[in-house]
Amino acid sequence: MSKLTLDDLNVEGKRILVRVDFNVPQDDAGHITDDTRIRAALPTLNDLLDRGASLVLMSHLGRPRGAVHEGLRLNAIRDRLEQLLGRSVQKVDDCVGSEVLAAARALKPGEVLLLENLRFHAEEEQNDPDFARSLAQLGDYYVNDAFGAAHRAHASTEGVAHYLKAAACRLLAKEIEVLGNALDNPERPFVAILGGAKVADKIGVIKNLLSKVDVLIIGGGMGWTFLKAKGLEVGDSLLDEGRIGLAAELM
């Protein structure tokens, strides 16, 4: 696999900027109801810490749409991460700026810093180069551990890789290996199951898969649009009116 992984990095004494996926569900009181995504990051985080690195962790939570939303701060996530890692986790109230940079540069090997919600800044989803450059200043290397967000070209997933040596975590490397083998040399019949809420987010994936698979099964919210394109009656909440014609064309 022609991708850098954790094994290609000498991380001892280095600050590692890690994109994690801590977008976990919480109840109305702000309590985490499912910490699966936090636990999934532990192998990568522990690996880096055991090898003498310090960590700067960045994640989004929910959809604050470029504004500070008190209910979407990562305080509860920091508390749960401390419990799971068994060590102290520092947290700052922003993800860029002079105070954040000072906190990152003060880290010693074995220490962990969690940044505030990336999406409090509209520049994150816009993949703004200046914002990505500011994030990149926080680490010596960049590691992507957020498989669920890796398909989005945001500042923290794509932008920072232009400014730092970048590597895939254990999970992401395994996913690339498995998906690469499946797409390049699949066993037949080759069936793909694709979910998600929006047809627009998956157009490229669907078109690419159609040339490779024997069967493509559409599920999730975007299934409503394909059902409508077949002439069936569906509800409105998950229907993408503007993509009905495209859905018919793809079928």
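Tell me, how many Å apart are the Cα centres for the stretch 142-165 and for the stretch 228-251?
32
If R0 is 22 Å, what FRET efficiency do you get for Lys3 and Val205 from their C-beta distance, rounded to 0.05?
According to the calculation, E is roughly 0.70.
Can you list the lysines whose alpha carbon sits under 23 Å from that of Lys91, skipping same-chain ones fewer than 8 residues off?
Qualifying lysines at Cα under 23 Å: Lys14, Lys108.
Sort all Cα-Cα distances of the stretch 1-53 into consecutive 5 angstrom bins from zero, then give the percent of pairs in each bin up to the one containing the longest distance.
The distribution over the stretch 1-53 is 4, 17, 22, 17, 16, 11, 8, 4, 2, given as percents.
Return the single residue from Ala197, Ala122, Ala41 with maximal mean-square fluctuation; model: Gaussian network over the chain, springs between Cα atoms under 10 Å.
Evaluated over the chain, the most mobile residue of the options is Ala197.
Which of Asp21, Asp145, Asp236 ends up with the largest GNM mean-square fluctuation for the chain, with Cα atoms connected below 10 Å?
Asp236
Just grab the label-to-label distance for Asp94 and Lys174, each label 7 Å out from Cα along the Cβ direction, in nm (one decimal).
So the two model labels end up 3.8 nm from each other.
So what's the back-of-envelope 222 nm ellipticity for the chain, counting only DSSP H runs of four-plus at -39500 (n - 2.57) apiece and dividing by all residues, rounded to 500?
Mean residue ellipticity at 222 nm (helix-derived): -9500 deg cm²/dmol.
How far is it, in nm, from the label point at Asp50 to the one at Lys230 when both lie 7 Å from their Cα along the line to the Cβ?
With each label point 7 Å from Cα toward Cβ, the separation is 4.8 nm.
Taking the Cα centre of the chain as the origin, how large is its charge dipole in debye, to the nearest 20, when only Lys and Arg (+1) and Asp and Glu (-1) carry charge on their Cβ atoms?
360
Which order do His154, His31 take when ranked by solvent-accessible area (1.4 Å probe, heavy atoms of all protein chains), largest first?
Solvent-accessible surface, decreasing: His31, His154.
Between Ala182, Ala150, Ala40, find the one with the highest GNM mean-square fluctuation for the chain; connect C-alpha pairs within less than 10 Å.
Among Ala182, Ala150, Ala40, the largest mean-square fluctuation in the Gaussian network model of the chain belongs to Ala182.
Heavy-atom accessible area of Lys14 with all protein chains present, probe 1.4 Å, nearest 10 Å²?
Solvent-accessible area, nearest 10 Å²: 70 Å².
Give me log10 I(q)/I(0) at q = 0.13, 0.23 Å⁻¹ for the stretch 160-251, Debye formula, one equal scatterer per alpha-carbon, no solvent.
Those come out to -0.57, -1.10, one per q.
Please identify every one of the GluC sites (Glu not before Pro) in the stretch 188-251 that sits in a loop by DSSP and has no more than 10 other beta carbons within 10 Å of its own beta carbon.
In loop regions of the stretch 188-251 (DSSP not H, G, I, E or B), the sparsely surrounded GluC sites (Glu not before Pro) are Glu233.
With labels modelled as points extended 7 Å from the Cα through the Cβ direction, what inter-label distance (nm, one decimal) is found for Glu187 paired with Ala29?
Distance between the two pseudo-spin positions: 4.7 nm.
Heavy atoms of the protein only, probe of 1.4 Å, neighbouring chains included. What is the accessible area of Ile203 in Å², nearest 10?
Roll a 1.4 Å probe over it and Ile203 shows about 30 Å².
Roll a 1.4 Å probe over the protein heavy atoms and report the accessible area of Glu12 in Å², nearest 10.
140
I need two numbers for the stretch 86-233: Rg to one decimal and Dmax as a whole number, Cα atoms only, in Å.
Gyration radius and largest Cα-Cα distance of the stretch 86-233: 19.6, 61 Å.
Where does the stretch 1-133 land on Rg/Rh, using Cα atoms and the Kirkwood Rh?
Rounded to two decimals, Rg over Rh is 0.96.
For the chain, count all C-alpha to C-alpha pairs, find those more than 35 Å apart, and express that count as a whole percent of the total.
22
The values are calculated or read from the model by the stated rules, or taken from the named source; none is laboratory data. Since the model is a prediction, treat every value here as computed from it, not as a measurement. Neighbour counts run over all protein chains shown; Cβ positions are idealised from the backbone, glycine included. Surface areas here come from the heavy atoms of the whole protein model, side chains and all, with no ligands, DNA or RNA. Shrake-Rupley method; radii C 1.70, N 1.55, O 1.52, S 1.80 Å.
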